[in-house]
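Reading through the structure tokens given below for one structure.
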Amino acid sequence: MVLCKLPVHGAVLLFCIFVSVLFPSSLYASGKSEKRRKAAETASPAKEPAVENRRTILAGTDEGLFAVDPAGKMTALWAGGSVKKILFTANDTWVILGSEGILISTNLQTWEPRNQGLPVKTIKIFQDGKKTFLPMVQEIKDLKINPADPQIMVCATKDQVYLSRNQGQSWTSLGAPPYRTNGIKAVASAYMPRGTSSDLTVFLSHSTYGLFYIQPDRAGAQWIELSKGLEKLETTGNADEVSDIAVILATMLGETTPRPVIYAAQTFRRRIYRLDWEAQTFNLMWSDNSPFGTVDSLYAGKNGLYFLYEGMAASLDFANFAVREQPQILDSIRKASAHIKSHCMVIPEDEQIILSELWLLDEPQHENTNNAANKEGIYLPVNHAMDSRSLKPYLDVMEKSGLNMIVIDMKDDYGRLRFTPHNPAISVKGRVFRPLDIDSLLGGMKERGIYTVARVVVFKDPELAAKENGRFAVWDAKTAQPWAGYDSEQKLYDERWVDPYSQDVWEYIAATAAELHERGFDEIQFDYIRFPTDGVNLGNARYRWQENGMDMESAILSFLRHIRARVKAPISIDIYGANGWYRTGARTGQEVELLAPWVDVICPMYYPSHFEQHFLAQDPPELRPWRIYFQGTLRTARIGRSQVIIRPYVQAFFLNVSYDRKYYNPDYVRRQIEGVRAAGSGGFIYWNNTGRYEDIPVK
């Protein structure tokens, strides 16, 4: 993302030859960032090589596009932002996709943006009392070039597909299937046969609802589902997410006609399929029968269909569908990655191979993870920590259960501050209520080696919503009062919200979090870092602090950007379980894929009681809590590209729903943590809002 850009470091000698010419010297960075431009201009200029070197790799990174020669010497080819994907067309054109959208080049030296018609979002920056705005192309989830016509390109944001017929010079929206949730993952296009002719066909995969296609040149074109044959998520009618779609011309398979052949892979199933277009069904070509696994980055080469899965590069033979591991490709990637952390690469093996999603080959890494990883603990209601007598039973529970972390409210669900701030600006916006002696509490916790997390409720805040005549509140357009959700019987929910677009709210939360860390908390955890979701009157909610070009995701990203500039502690965030299960930020703005680069820990609430009661309740139904936490933890990690710790909240409470009435007991709780541990998680937190932890297992 554009906000994660890093300065360019010294670029040196390059020889690069993916087309049959030598690249000239003096390759400098380009792009919007003045800082990067100056860094690139002061780097060592590239010199024209005396001999051609055919082992140079292209690498897309957070810092731009680089060439890496076999000796590890690097040259910046473009340094205007991050690069997530590299493509090469039949007319010798390079295309990169990243934080600045889509750019093309015919020489790897000069780059032209191709974003006309794509949506733009705005990031609001608040610093020293002044706000500025950073427009950026909405994150593009995927980009593909039609193999039969390099002028045809398709791309997608989270909720729209876009088509270009002039190699990206202009884009038009094809919309999306008529579902209310966003969640597009992959796209592709091909000329699919119809009798003696063919139709331009665009494909998309949706995280929740499967695979679809549209033929935009046909009258009344609509999206049509094409999910038959794809493995479904258990107990649902929906195909599990398709991670990538590859179009191969049959001439690569030895045929004389260039008919398209479509392959697809799944994000959470480790399977590869081939489409039977006439039967409108996918046939399974390969699976290793793993209970969980990710296949991504499909690339059609002359020797097979190349792809990545966890820790390995491999290829699928077009003739016999045998899968072969490709250790030499893996070795090339890792050697280049030793010099520069990469998202995608062009690798000159026996043939040119282009792979993205290189995170699949890495051990999970993230800033501050050494401090925040492998923590298992409880949420403790603050009223149970007011003195040593009330706290002792919980310390005993933690010792018996082998727990090493405690999460405690410092700004609670009612907007009340549960500590006495030193910073007077904090008290202006918040109300101190029955404050805890945090200095004494934290001293005792550190003596016991307990990791301490301050829970800060963010945008659900009735105290701040009521201040200054509702200046900071989400507003009700109908009543001209602070908005409050109510149900179909006009019964109000016990919630009041402040405006997530308000930089004054951000600053209040940032000041609070910064002080809590300075006072000794090891980590800051944000809850209700989302928009309101409940109420038949939700359509009346208005956000008066919203600036032009901002949406839910950009509001939360702007908030986290502000926090990151102010708070040096590890940051964790709580999210709905569904937002961690599927690639969507629907209704809340909690889109894991966008949030992961900004936080250290994500805490999904996969409470079995909160899912549909038949969900993953196949035989034996008692294992449902294990299934939900095992799969959920892995799914969130994959959606976040393994760059963030997944530390789920575990249900240690009974809810009066059908599954809990039949199965809730200590085994229910134990199976959840067994699922988390089986997934290789970075920890978990027991949640019981009354502080009752009699159901959790002991060592």
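When the stretch 450-473 is filtered for residues that are part of a loop (DSSP other than H, G, I, E, B) and either within 29 Å of residue 381 (Cβ to Cβ) or within 25 Å of the chain's Cα centre (by Cα) (or both), the ones remaining, listed by number, are 450, 458, 459, 461, 472. Of all residues in the stretch 321-349, those that are in contact (Cβ under 8 Å) with a residue 12 or more places away in the chain and more than 30 Å from residue 283 (Cα to Cα) have Cβ atoms under 7 Å from Cβ atoms of residues that are among the basic types (Lys, Arg) and surrounded by fewer than 17 Cβ atoms within 10 Å (Cβ to Cβ), 6 or more apart or on another chain, in 348/54; 348/55. Within the stretch 112-147, the set of residues being more than 30 Å from residue 563 (Cα to Cα) and out of contact with any Asp or Glu (no Cβ under 9 Å at 6 or more places or on another chain) comprises 112, 114, 116, 117, 143, 144, 145, 146, 147.
Residues in the stretch 579-637 that are assigned to a helix (DSSP H, G or I), of a type in the set (Ser, Thr, Tyr) and surrounded by 24 or more Cβ atoms within 10 Å (Cβ to Cβ) were compared, and the one that is farthest from the chain's Cα centre (by Cα) is 629.
The residues on offer are 217, 128, and the sole one that is modelled with pLDDT of 95 or more, surrounded by fewer than 15 Cβ atoms within 10 Å (Cβ to Cβ), among the charged types (D, E, K, R) and farther than 21 Å from residue 264 by Cα is 217.
In the stretch 525-545, the residue that is nearest to the chain's Cα centre (by Cα) out of those that are surrounded by 21 or more Cβ atoms within 10 Å (Cβ to Cβ) and charged (D, E, K, R) is 530.
Taking the stated definitions as given, is residue 559 assigned to a helix (DSSP H, G or I), of a type outside the set (D, E, K, R) and farther than 30 Å from residue 447 by Cα? Show your work before the answer.
Working: assigned to a helix (DSSP H, G or I): yes; of a type outside the set (D, E, K, R): yes; farther than 30 Å from residue 447 by Cα: yes.
For residue 559, the condition - assigned to a helix (DSSP H, G or I), of a type outside the set (D, E, K, R) and farther than 30 Å from residue 447 by Cα - is met.
Tell me, yes or no, whether the stretch 669-692 has at least one residue that is part of a loop (DSSP other than H, G, I, E, B), touching a Pro at 6+ places or on another chain (Cβ under 9 Å) and crowded, with 22+ Cβ neighbours inside 10 Å. The answer is yes, given that some residue of the stretch 669-692 is part of a loop (DSSP other than H, G, I, E, B), touching a Pro at 6+ places or on another chain (Cβ under 9 Å) and crowded, with 22+ Cβ neighbours inside 10 Å. With the structure loaded, tell me whether residue 511 is exposed (fewer than 15 other Cβ atoms within 10 Å of the Cβ), modelled with pLDDT of 95 or more and within 30 Å of residue 135 (Cβ to Cβ) or whether it fails that test. Spelling it out, it is not the case that residue 511 is exposed (fewer than 15 other Cβ atoms within 10 Å of the Cβ), modelled with pLDDT of 95 or more and within 30 Å of residue 135 (Cβ to Cβ).
Condition check: among the small types (Gly, Ala, Ser) and touching a helix residue (DSSP H, G or I) at 6+ places or on another chain (Cβ under 6 Å). Does residue 390 satisfy that?
Values: among the small types (Gly, Ala, Ser): yes; touching a helix residue (DSSP H, G or I) at 6+ places or on another chain (Cβ under 6 Å): yes.
In short, yes.
The residues on offer are 79, 46, 50, 67, and the sole one that is modelled with pLDDT under 50, in contact with a Leu (Cβ under 9 Å, 6 or more places away or on another chain) and either closer than 28 Å to residue 138 by Cβ or of a type outside the set (D, E, K, R) (or both) is 46.
Matching residues to (1) exposed (fewer than 13 other Cβ atoms within 10 Å of the Cβ); (2) touching a helix residue (DSSP H, G or I) at 6+ places or on another chain (Cβ under 8 Å); (3) assigned to a loop (DSSP other than H, G, I, E, B):
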residue: 354; (1), (2), (3): no, no, no
residue: 379; (1), (2), (3): no, no, no
residue: 384; (1), (2), (3): no, yes, no
residue: 394; (1), (2), (3): no, yes, no
residue: 403; (1), (2), (3): no, yes, yes
residue: 419; (1), (2), (3): no, yes, yes
residue: 425; (1), (2), (3): no, yes, no
residue: 435; (1), (2), (3): no, no, yes
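Report the residue count in the stretch 514-531 for those that are more than 11 Å from residue 574 (Cα to Cα), in a loop (DSSP other than H, G, I, E, B) and either in contact with a Ser or Thr (Cβ under 9 Å, 6 or more places away or on another chain) or without any contact (Cβ under 8 Å) to a residue 60 or more places away in the chain (or both). Residues flagged as more than 11 Å from residue 574 (Cα to Cα), in a loop (DSSP other than H, G, I, E, B) and either in contact with a Ser or Thr (Cβ under 9 Å, 6 or more places away or on another chain) or without any contact (Cβ under 8 Å) to a residue 60 or more places away in the chain (or both) within the stretch 514-531 amount to 4.
Take the stretch 474-500 and flag every residue that is part of a loop (DSSP other than H, G, I, E, B) and over 23 Å from residue 416 (Cβ atoms).
The initial filter retains those residues of the stretch 474-500 that are part of a loop (DSSP other than H, G, I, E, B), namely 474, 477-480, 483-485, 487-491, 493-496, 499-500.
Within the stretch 474-500, 477, 478, 479, 480, 487, 488, 489, 490, 491 qualify.
One line per residue, one yes/no per condition, for (1) among the hydrophobic types (A, V, I, L, M, F, W, C); (2) farther than 19 Å from residue 62 by Cα; (3) free of Cβ contacts under 8 Å to residues at least 60 places away in the same chain:
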position	(1), (2), (3)
81	no, no, no
92	no, yes, no
100	no, no, no
107	no, yes, no
123	yes, no, no
140	yes, no, yes
161	yes, yes, yes
169	no, yes, yes
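The values are calculated or read from the model by the stated rules, or taken from the named source; none is laboratory data. The structure displayed is predicted, hence computed values, not measured ones. Quick reminder, even Gly has a Cβ in these numbers, built from the backbone with ideal geometry, and neighbours come from all protein chains shown.
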